[in-house]
1. Residues of segment 27-67 being assigned to a helix (DSSP H, G or I) and under 22 Å from ARG143 (Cα atoms), which ones?
2. Which one is surrounded by the most Cβ atoms within 10 Å (Cβ to Cβ), of the residues in segment 118-133 that are outside any strand (DSSP E or B) and under 12 Å from the mean Cα position of the chain (by Cα)?
3. Conditions first: (1) at pLDDT below 85; (2) surrounded by 14 or more Cβ atoms within 10 Å (Cβ to Cβ). THR137 passes all but one, so which condition is the exception?
4. In segment 26-53, what residues are crowded, with 16+ Cβ neighbours inside 10 Å and without any contact (Cβ under 8 Å) to a residue 60 or more places away in the chain?
5. Does LEU80 satisfy the criteria of being more than 22 Å from GLY16 (Cβ to Cβ), at pLDDT 95 or above and not in a strand (DSSP E or B)?
6. Among residues belonging to segment 84-107 that are in contact with a strand residue (DSSP E or B) (Cβ under 8 Å, 6 or more places away or on another chain) and of a type in the set (S, T, N, Q), point out the one that is modelled with the lowest pLDDT.
Amino acid sequence: MRFSEKTRNAYADTVGDIVSNRSVVTFTPLMPVGELVRRLHDAESGAGVVLEPDGRMAGLVTEREIIRRVFRVPPSAASLCDEEAIREHATCMTARNVMIENPEHLFHDEPVENAVEKITAHGFRFMPVLGRDDKLTGIVEARELGHHARLKMHAIMEHQKGLLTNFMAHEPYGGAGGYAAVGTKV
C-alpha cells in the first residue's frame, strides 16, 4: 500500500477514510497460487482477499503466508532438496490452500486509534476492512494506521498548543494582561 499525496499529510479519523478511495486485490478460492502472486505484484500490494461466489470474505492472502505455505515441505517430498516435488506441490495449490481463513478484521467506521490497538495486539501487518453489513470495503496495513494515528496526535497537540497560547495571552500571568512574566523587566 502506498500513501497518496492526499493522505500523506492529512490524517484519517476512521479506517474507512483510509481505504475508501482505492481498490482491493481479490481472488477466487480456486485461483492458482501463481495467479495470486502475479496479481499482488501487478497491484504493488502485499495482501489480497479471497471472496466466495456470493461475495462473502473467505480469507486473507498475504505474501508471507504464500511463502510459508508453499515452501512447507510437501508430504510427497522425500527431502527439503526435492525441488521437483516442491514445484509440483506449489503448482497444485490454490488461494484456499494459502489463505488465512476467517481472519480478524476491522470495521469501516472504526476509529484509527482502535484499529492501531487491534492490529498491534494481534501482530498483523494487514487486516481486511468490512462494512457493518460484513461486505469487504478494503485492506489496511499496520504502517498506514500508525501513520494516521501519529498525524492525528500531532494535529491534536498543535490545536491544544494553540488553545493554551491563546489562553495564556489573555491571562494576567501570561504576560499580555498588564503583568510581566516572572523574571522579566517591565
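The values are calculated or read from the model by the stated rules, or taken from the named source; none is laboratory data. Just so we're clear, the structure is a prediction, and the values are computed from it rather than from any experiment. FYI the Cβ positions are ideal-geometry reconstructions off the backbone, even for glycines, and counts take in every protein chain you see.
1. Passing the criteria: VAL37, ARG39, LEU40, HIS41, ASP42, ALA43, GLU63, ARG64, GLU65, ILE66, ILE67.
2. In this case the residue turns out to be ILE119.
3. (1)
4. VAL37, ARG39, LEU40, VAL50
5. No, not satisfied.
6. Only one residue fits best here, namely THR91.
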